[in-house]
Amino acid sequence: MNNQLRIIYMGTPEFAVESLRRLVEGGYNVVGVVTMPDKPMGRHQDTLSQSAVKQYALSKGLPVLQPERLKDEAFLNELRSLRADLQVVVAFRMLPEAVWAMPRLGTFNLHASLLPQYRGAAPINWAVINGEAETGVTTFFLQHEIDTGNIIAQRRIAIGPDEDAGSVHDRLMELGGQLVVDTVDAIAAGTAAAVPQTPAEDGAALRTAPKIFKDTCRINWAQPARRIHDFVRGLSPYPAAWTTLRQGGKDAVLKVYRTRPLPQEEADTMVTATACGAGADGREGVHLVAEDGRLIALLTGGALELLEVQLAGKRRMPAADFLRGFRTDGSEMLL
């Protein structure tokens, strides 16, 4: 470990705090922190919310920079004045060359996937959504195209078949914190390898991880139960998969946080001829069955138990609690 190396750290959300904490508590010389500007919040937008990284940096007395524009000359001059040897980026913004090329040892990024797979803004979510059995973290030197720079190091973890994105996030955050420290040490020692990204050896197509929007999170019920299960856990706990619950001709948004595909024999017993038929108003939908405190969506060729849900305006709760306050008449459908 070289505590004389001058490091600037760039990041914003909770995921980025762990790596910064490892550097600070490890005695590394972090001379400045760059994070997003405070966000207005509240009904009248008159309260400013600080990023998780800013809160931690201030608690440790670190200088904090919050540029609106990364190409602003005043910001660039302030960055130069810190005389960094190395910049570390974790969950921040796309940097212009004027920023990433500034330090003599360059700038490296921690990405929450096994690059070149899952380049993009939401790698953890998409890896789980796609039912991957493993993922990991990668450090790489920044260059012009996003998430394409030469790889320095990677670490892998398995993804459990029922594990959600929140759990994977937390494990990768810890793993990434250690990888950042190891990468800084390798760069300081001059032993860091920088290997160009290449396609997967097995010829697998590259999967991307685009930003997730509200419409992205809507459940498509015309899929196998396992695919829907992966979709739900890949968006849990945030931003959460959702669907429209229709009862008595009225629609309400229902968020779904945990599910369980039913064994085929049990599903076959429950699925009826009306499972995926048209509702009374002629709209297509998936029937929802309440049985012994369980909430089950009957699909074509299968069934999916909804374990944790949240109706608009209510709290997140187990299905059994939801059913205590929900009067079913057998006509409920998921659209």
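The values are calculated or read from the model by the stated rules, or taken from the named source; none is laboratory data. These numbers come from a predicted model, not from an experiment. Cβ atoms come from the backbone with ideal geometry, glycine included; neighbour counts cover every protein chain shown.
Just one of the listed residues (ASN77, ASN109) is at negative phi and over 20 Å from the mean Cα position of the chain (by Cα), namely ASN77. Is it the case, given these coordinates, that ALA205 is under 26 Å from ILE146 (Cα atoms), outside the structural domain of ASP164 (by TED's automatic domain parsing) and without any contact (Cβ under 8 Å) to a residue 24 or more places away in the chain? Taking the combined requirement at face value, the residue satisfies it.
In the same structural domain as PHE322 (by TED's automatic domain parsing) and more than 23 Å from LEU262 (Cα to Cα): does that describe PRO239? Step through it out loud before you land on a result.
Details: in the same structural domain as PHE322 (by TED's automatic domain parsing): yes; more than 23 Å from LEU262 (Cα to Cα): yes.
Yes, satisfied.
At least 2 residues being more than 24 Å from MET173 (Cβ to Cβ), out of contact with any His (no Cβ under 6 Å at 6 or more places or on another chain) and not hydroxyl-bearing (Ser, Thr, Tyr) is the threshold, and among the helices (runs of 4 or more DSSP H) wholly inside segment 1-105 those reaching it are 73-81, 97-100.
For segment 208-264, taking the residues that are within 14 Å of ALA297 (Cβ to Cβ) and in contact with a Cys (Cβ under 7 Å, 6 or more places away or on another chain), the one that is surrounded by the most Cβ atoms within 10 Å (Cβ to Cβ) is identified as ALA241.
Within the bounds of segment 264-286, is there any residue that is part of a strand (DSSP E or B), in contact with a strand residue (DSSP E or B) (Cβ under 6 Å, 6 or more places away or on another chain), modelled with pLDDT of 80 or more and not aromatic (Phe, Trp, Tyr)? Checking segment 264-286: at least one residue is part of a strand (DSSP E or B), in contact with a strand residue (DSSP E or B) (Cβ under 6 Å, 6 or more places away or on another chain), modelled with pLDDT of 80 or more and not aromatic (Phe, Trp, Tyr). Based on this model, can you work out whether ALA84 counts as at pLDDT 95 or above, surrounded by fewer than 22 Cβ atoms within 10 Å (Cβ to Cβ) and over 28 Å from LYS211 (Cα atoms)? Against the criterion (at pLDDT 95 or above, surrounded by fewer than 22 Cβ atoms within 10 Å (Cβ to Cβ) and over 28 Å from LYS211 (Cα atoms)), ALA84 does not qualify. When segment 298-335 is filtered for residues that are touching a residue at least 60 places away in the same chain (Cβ under 8 Å), hydrophobic (A, V, I, L, M, F, W, C) and under 14 Å from LYS255 (Cβ atoms), the ones remaining, listed by number, are LEU311, ALA312, LEU334.
Identify, from the list THR191, THR216, THR208, THR198, the residue that is in contact with a strand residue (DSSP E or B) (Cβ under 8 Å, 6 or more places away or on another chain) and of a type in the set (S, T, N, Q).
Result: THR208 is the single residue among THR191, THR216, THR208, THR198 that is in contact with a strand residue (DSSP E or B) (Cβ under 8 Å, 6 or more places away or on another chain) and of a type in the set (S, T, N, Q).
Of GLU145, GLU97, GLU78, GLU134, which residue is closer than 25 Å to ARG226 by Cβ, assigned by TED's automatic domain parsing to the domain that holds LEU179 and either surrounded by fewer than 22 Cβ atoms within 10 Å (Cβ to Cβ) or in contact (Cβ under 8 Å) with a residue 24 or more places away in the chain (or both)?
Details: GLU145 fails: closer than 25 Å to ARG226 by Cβ; GLU97 fails: closer than 25 Å to ARG226 by Cβ; GLU78 fails: closer than 25 Å to ARG226 by Cβ.
Step by step, each of GLU145, GLU97, GLU78, GLU134 is checked, and only GLU134 is closer than 25 Å to ARG226 by Cβ, assigned by TED's automatic domain parsing to the domain that holds LEU179 and either surrounded by fewer than 22 Cβ atoms within 10 Å (Cβ to Cβ) or in contact (Cβ under 8 Å) with a residue 24 or more places away in the chain (or both).
Here segment 209-263 is the region considered, the condition is being within 23 Å of the chain's Cα centre (by Cα), assigned to a strand (DSSP E or B) and of a type in the set (S, T, N, Q), and the residue that is nearest to ILE124 (Cα to Cα) is THR259.
Can you find a residue in segment 124-132 that is under 30 Å from ARG218 (Cβ atoms), touching a strand residue (DSSP E or B) at 6+ places or on another chain (Cβ under 6 Å) and assigned to a strand (DSSP E or B)?
So in segment 124-132, the residues under 30 Å from ARG218 (Cβ atoms) come out as 124-132.
In the following step, the residues that additionally are touching a strand residue (DSSP E or B) at 6+ places or on another chain (Cβ under 6 Å) were identified as 126-127.
Among the residues that remain, those that are also assigned to a strand (DSSP E or B) are: none.
The answer is no; no qualifying residue exists.
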